[in-house]
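Structure, as structure tokens:
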Amino acid sequence: MDKLRFAVAGLGRIGKIHLDNLLHMDNVKVVAVTDPQKESMQYAKDLGIPTVATYEDLLGYPEVDAIIICTPTDTHAAYVEKAAIAGKHVFCEKPLDLDLKRVVEVLEIVEKTQVNLMIGFNRRFDPEFTKVKDSVKSGQVGEPHLVKITSRDPGAPPVSYIEQSGGLFLDMTIHDFDMARFVVGKEVKEVYAKGAVLVDEAIGKAGDIDTAIVTLTYADGTMAVIDNSREAAYGYDQRVEVFGSEGMVQGNNNLLNNHRLYNKDGIHGALPLHFFLERYAQAYKAEMQSFVDALTGDCDIPVGGEDGLLSLKIGLAAKKSLQENRPVQLEEIK
């Protein structure tokens with residue numbers, strides 16, 4: 001089989017992860033990359049990959065089957081749109097855009113052009129969370145009643161990042177909104193969010209929160225609870241639990257090691273892996289392999305534009321709930 005020809009737009013932390021994973025796939029060839037930073041372009045050149053100056057140059061590159069978009073959020077919609085019109089398949093990091101109507105416009109173009117679009121919700125591909133999903137799907141916990149998701153970062157990002165990120169719900173919790181749908185295969189109908197500034201008052205001055213509890217109600221009346229914090233002193237805390245009529249399944253943190261010391265002072269163990277780059281290293285590999293497999297016809301796109309749209313709607317409902325201090329029906333978000 002001929003190799004799939006990929007291009008990568010954006011070589012920040014995520015872009016470099018995707019690039020390195022692509023370079024280790026036998027049926028893929030990376031033919032071009034672009035990034036506005038000279039250091040990032042040099043990173044690609046050192047790997048022997050051709051570089052181009054702009055995204056438009058990338059689209060005009062004669063041999064590109066698919067584009068990986070890892071650029072800032074405010075470029076995603078336009079870049080996906082242009083790629084679709086050019087007939088290129090697209091993998092785009094979340095979110096597609098922060099404006100719901102703009103996302104709908106882009107998805108209409110994607111549907112019209114019939115290109116494949118995958119959204120980067122990498123946590124679906126984490127081995128721990130995949131086992132939770134599989135246990136629920138196979139009926140091992142019976143009928144799901146409650147979902148609990150914990151997502152806490154080891155430290156808050158710079159305020160300059162928060163100001164352009166869309167806020168905690170659209171930047172951080174959006175992964176958890178996707179996970180809430182994914183693990184039980186149910187759709188959300190109501191969102192109730194409470195939030196506070198407990199970590200850094202500068203985050204509040206920037207118009208955001210750093211600590212939150214979100215309660216989701218699914219269409220069948222079952223519920224999910226998500227707790228978020230921008231700062232956990234002990235590391236990157238990522239857990240999922242589904243409680244059902246026949247039992248419970250949990251996906252827990254990955255630790256630096258599994259050793260335990262037992263002595264008179266207590267039981268001592270390792271901390272969780274410190275950040276998402278380490279915690280989700282396997283997930284990023286599996287995610288990109290899944291995209292490649294979809295393009296070769298081995299499976300369907302596992303996380304499509306509609307998944308991105310629904311998670312964005314839940315995030316916007318959470319923001320509205322926080323602002324108005326009330327439960328918000330998802331049908332209100334249009």
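The values are calculated or read from the model by the stated rules, or taken from the named source; none is laboratory data. Just so it is clear, the structure is predicted and the values come from calculations on it, not from any experiment. Cβ coordinates were reconstructed from backbone atoms using ideal geometry, including for glycine residues, and neighbour counts include every protein chain displayed. Accessible surface areas use protein heavy atoms only, side chains included; no ligands, DNA or RNA. Shrake-Rupley method; radii C 1.70, N 1.55, O 1.52, S 1.80 Å.
Structure summary
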| read-out | value |
| --- | --- |
| Filter result (of a type in the set (Phe, Trp, Tyr) and modelled with pLDDT under 90) within segment 50-65 | Tyr61 |
| Residue count for segment 276-334, restricted to those that are more than 21 Å from Leu19 (Cα to Cα) and in a helix (DSSP H, G or I) | 23 |
| Residue in segment 118-128 that is open to solvent by less than 40 Å² (accessible area, probe 1.4 Å), touching a Cys at 6+ places or on another chain (Cβ under 9 Å) and among the β-branched types (Val, Ile, Thr) present | yes |
| Search result, residues across segment 85-117 that are in a helix (DSSP H, G or I), open to solvent by less than 50 Å² (accessible area, probe 1.4 Å) and either within 17 Å of Phe177 (Cβ to Cβ) or among the basic types (Lys, Arg) (or both) | Leu100, Val103 |
| Test: residue in segment 323-334 that is farther than 18 Å from Thr215 by Cβ and open to solvent by 10 Å² or more (accessible area, probe 1.4 Å) | yes |
| Residues of segment 157-184 classified as part of a loop (DSSP other than H, G, I, E, B) and open to solvent by less than 60 Å² (accessible area, probe 1.4 Å), total | 4 |
| Residue that is surrounded by the fewest Cβ atoms within 10 Å (Cβ to Cβ), among those in segment 135-156 that are touching a helix residue (DSSP H, G or I) at 6+ places or on another chain (Cβ under 6 Å) and more than 14 Å from Gly247 (Cα to Cα) | Ser151 |
| Hits in segment 185-222 (condition: in contact (Cβ under 8 Å) with a residue 60 or more places away in the chain, closer than 14 Å to Ile314 by Cβ, more than 20 Å from the chain's Cα centre (by Cα) and open to solvent by 60 Å² or more (accessible area, probe 1.4 Å)) | Lys189, Tyr192 |
| Selection status of Leu312, within 19 Å of Val191 (Cα to Cα), crowded, with 19+ Cβ neighbours inside 10 Å and in contact with a helix residue (DSSP H, G or I) (Cβ under 8 Å, 6 or more places away or on another chain) | yes |
| Residue within segment 68-84 that is touching a His at 6+ places or on another chain (Cβ under 8 Å), open to solvent by less than 30 Å² (accessible area, probe 1.4 Å), more than 24 Å from Leu168 (Cα to Cα) and part of a strand (DSSP E or B) present | yes |
| Unmet criterion (only one of (1) aromatic (Phe, Trp, Tyr); (2) within 22 Å of Gly155 (Cα to Cα); (3) surrounded by fewer than 18 Cβ atoms within 10 Å (Cβ to Cβ)) for Tyr262 | (2) |
| Every residue from segment 47-58 that is open to solvent by 30 Å² or more (accessible area, probe 1.4 Å) and either within 24 Å of the chain's Cα centre (by Cα) or farther than 25 Å from Ala286 by Cα (or both) | Pro50, Thr51, Ala53, Thr54, Glu56, Asp57 |
| Residues that are part of a helix (DSSP H, G or I), touching a Gly at 6+ places or on another chain (Cβ under 9 Å) and among the β-branched types (Val, Ile, Thr), drawn from segment 1-37 | Ile14 |
| Yes/no for Leu96 being modelled with pLDDT of 95 or more and in contact with a His (Cβ under 6 Å, 6 or more places away or on another chain) | yes |
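Quick grid of which residues meet (1) out of contact with any Asp or Glu (no Cβ under 8 Å at 6 or more places or on another chain); (2) modelled with pLDDT under 95; (3) open to solvent by less than 40 Å² (accessible area, probe 1.4 Å):
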{"site": "Met1", "(1), (2), (3)": "yes, yes, no"}
{"site": "Lys16", "(1), (2), (3)": "yes, no, no"}
{"site": "Val30", "(1), (2), (3)": "yes, no, yes"}
{"site": "Val33", "(1), (2), (3)": "yes, no, yes"}
